[in-house]
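Chemist: Structure in structure tokens, see below.
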Amino acid sequence: MKKTRLVMIVALLVSVFAAGCGNSSSSSSEPTIVIGETEPLSGPLAVYGVPQNNSIKLAVKHINERGGIDVGGKKHRIELVSLDDQFNPTTALSNIKKMVEHEKIQFLVGFMSGSSVMPAFPYIKENKLPTLVGVAPDKAITATNNPYVFHVRPPSDFTGLTSGRFIGEELNVKTMAVVGTTAQGFFKDLIEGVQQGLQSTGGSITTVQGFKVGDQDITAQLTAAIATKPDAIYVGADVESAAFVYKQAKELGYKGRLLGFNGGSKAQFEKIVSADVLEGIYDMIPAEINPSDHSINGPYAQTFLDKYKAEYNVEAPPSTGYGYDLMNILAAAIEQAGTTDADAVVKALNEMPVPKEHMTMKWIPVEGKMFDKNNQAYVPNASFVWTGGDKKVHKEMNSPVQEYSEGLAKIRNASK
């Protein structure tokens, strides 16, 4: 009797173990799509890299909670591999190679700057790695012809051109000094766009003063800018750098307009400056997520903001919409392709309309498509103004999408 009972117990344990192994095997064999991401998760530009990483992770979580990506009638979960490149191009390329060769990623997302992604262009093309670039504002990303690279943030000179016209026509600025991080790749394009737009209204730039990312004392550059007696000073820089510029401009007694291309949230600015310093400053950027006014945003903006706050216990910075949306755009393209084959997904990205669901940003279709013929996506440009401690929407600016797209195509075709 005891022997029979022992045999039954052993048999039961074996069956339970086998069932457990069966479930584990089923789970491990569940179809997955491996996506790689490289960002500055540490260093001076982690202020942008960490929020973009957070938004991408949140999108992956939500897509998986919805059952994953439907590939030819079978659901696939996303596995995300995220690495820190510290805003170092060599590290970024090393990260990409590591993820392709060891993690077997099928798609690539992220990036803070063209200087991080562009050295990898030959490797991306050689390995047929569909890549969606997020918050990086560099024009060269899409001006350089790489069929596997898609850019969701509008280039800085697109915003610069719109801003220059707005500054001259709406703010009646005739002379303007520029202070910013001139070593960053996007800056040259930004200023060329601003100058072109301002000159079209009869205005001019009096001087361009540069400093490095991470610099905290910009008084010398500001003193030189103020000496030209401009109607306004335009600040093209990351959030933390811009905060120091605004603070020191006020300390130097500058009374003219302060304008910027900065982005950033109230919490990010107020780590360095008080609300009274920011009062009246204009920020002219793509129409990113605004917590108090969604008229310039997509239908999913408030839901995203609520879920981001619940997940990370911090307000979502405005630029986080790029990371969240690009993951949903990629998921929609894979579903449209019905396969994870790289060329089929690239074809789907080229042909797909703007997704109808889960978009936080107000994407502008070009000829009915998500991306133009340059693999570039667009959102409207908007002006914001700091009022009473909050950055509020001033107005959506007239953004010349078709005009810009045609000009970009000429440059891209010349790079073939």
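The values are calculated or read from the model by the stated rules, or taken from the named source; none is laboratory data. Bear in mind that the values here come from a model prediction, so they are computed numbers and not experimental data. Every residue, glycine among them, receives a Cβ derived from its backbone with ideal geometry; neighbour counts consider all protein chains shown.
Chemist: Does the range 314-336 hold any residues that are in a loop (DSSP other than H, G, I, E, B) and of a type in the set (Gly, Ala, Ser), and which are they?
Modeler: Correct list: 316, 319.
Chemist: Residues of the range 209-258 being among the aliphatic types (A, V, I, L, M) and assigned to a helix (DSSP H, G or I), which ones?
Modeler: Going residue by residue through the range 209-258, those that are among the aliphatic types (A, V, I, L, M) are 213, 218, 220, 222, 224-227, 232-233, 235, 237, 239, 242-243, 245, 249, 252, 258.
Scanning the range 209-258 gives 220, 222, 224, 225, 226, 239, 242, 243, 245, 249.
Chemist: What are the residues in the range 184-208 that are closer than 22 Å to residue 244 by Cβ, assigned to a helix (DSSP H, G or I) and either hydrophobic (A, V, I, L, M, F, W, C) or in contact with a helix residue (DSSP H, G or I) (Cβ under 8 Å, 6 or more places away or on another chain) (or both), if any?
Modeler: 185, 186, 187, 190, 191, 194
Here's the yes/no breakdown for (1) touching a Phe, Trp or Tyr at 6+ places or on another chain (Cβ under 6 Å); (2) surrounded by 18 or more Cβ atoms within 10 Å (Cβ to Cβ); (3) in the same structural domain as residue 305 (by TED's automatic domain parsing); (4) not aromatic (Phe, Trp, Tyr):
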| residue | (1), (2), (3), (4) |
| --- | --- |
| 341 | no, no, yes, yes |
| 355 | no, yes, yes, yes |
| 359 | yes, yes, yes, yes |
| 363 | no, yes, yes, no |
| 374 | no, yes, yes, yes |
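Chemist: Now a separate question. Name every residue in the range 273-296 that is surrounded by 15 or more Cβ atoms within 10 Å (Cβ to Cβ), outside any loop (DSSP other than H, G, I, E, B) and charged (D, E, K, R), in order of residue number.
Modeler: Of everything in the range 273-296, just one residue is surrounded by 15 or more Cβ atoms within 10 Å (Cβ to Cβ), outside any loop (DSSP other than H, G, I, E, B) and charged (D, E, K, R), namely 283.
Chemist: Among the residues of the range 90-133, write down those that are under 24 Å from residue 213 (Cβ atoms), surrounded by fewer than 22 Cβ atoms within 10 Å (Cβ to Cβ) and modelled with pLDDT of 95 or more.
Modeler: Correct list: 90, 91, 93, 94, 119, 121.
Chemist: So which residues in the range 273-321 are without any contact (Cβ under 8 Å) to a residue 40 or more places away in the chain, closer than 30 Å to residue 256 by Cα and among the polar types (S, T, N, Q), if there are any at all?
Modeler: Result: 274, single match.
Chemist: If I ask for residues that are under 11 Å from residue 183 (Cα atoms) and not aliphatic (A, V, I, L, M), which ones from the range 210-221 would you list?
Modeler: Selection gives 210, 211, 212.
Chemist: Let me confirm something: among 47, 16, which residue is modelled with pLDDT under 95 and under 30 Å from residue 90 (Cα atoms)? Walk me through how you get there before you give the answer.
Modeler: Working: 16 fails: under 30 Å from residue 90 (Cα atoms).
So the residue among 47, 16 that is modelled with pLDDT under 95 and under 30 Å from residue 90 (Cα atoms) is 47.
Chemist: Given the conditions (1) outside any strand (DSSP E or B); (2) in the same structural domain as residue 164 (by TED's automatic domain parsing); (3) more than 18 Å from the chain's Cα centre (by Cα), and given that residue 299 satisfies all but one, which numbered condition is not satisfied?
Modeler: Among (1) outside any strand (DSSP E or B); (2) in the same structural domain as residue 164 (by TED's automatic domain parsing); (3) more than 18 Å from the chain's Cα centre (by Cα), residue 299 violates only (2).
Chemist: Of all the residues that make up the range 362-416, how many are part of a helix (DSSP H, G or I) and touching a strand residue (DSSP E or B) at 6+ places or on another chain (Cβ under 7 Å)?
Modeler: Here is the first cut: in the range 362-416, the residues part of a helix (DSSP H, G or I) are 401-414.
With the extra rule that they be touching a strand residue (DSSP E or B) at 6+ places or on another chain (Cβ under 7 Å), the set shrinks to 401, 405, 408.
Residues meeting the conditions: 3.
Chemist: Let me ask you something else. From the list 214, 197, 185, 203, exactly one residue is surrounded by 17 or more Cβ atoms within 10 Å (Cβ to Cβ) and within 21 Å of residue 89 (Cα to Cα). Which is it?
Modeler: 185
Chemist: Test each condition in (1) modelled with pLDDT under 95; (2) out of contact with any Pro (no Cβ under 8 Å at 6 or more places or on another chain); (3) not assigned by TED's automatic domain parsing to the domain that holds residue 232 for residue 269 and report the one that comes out false.
Modeler: (3)
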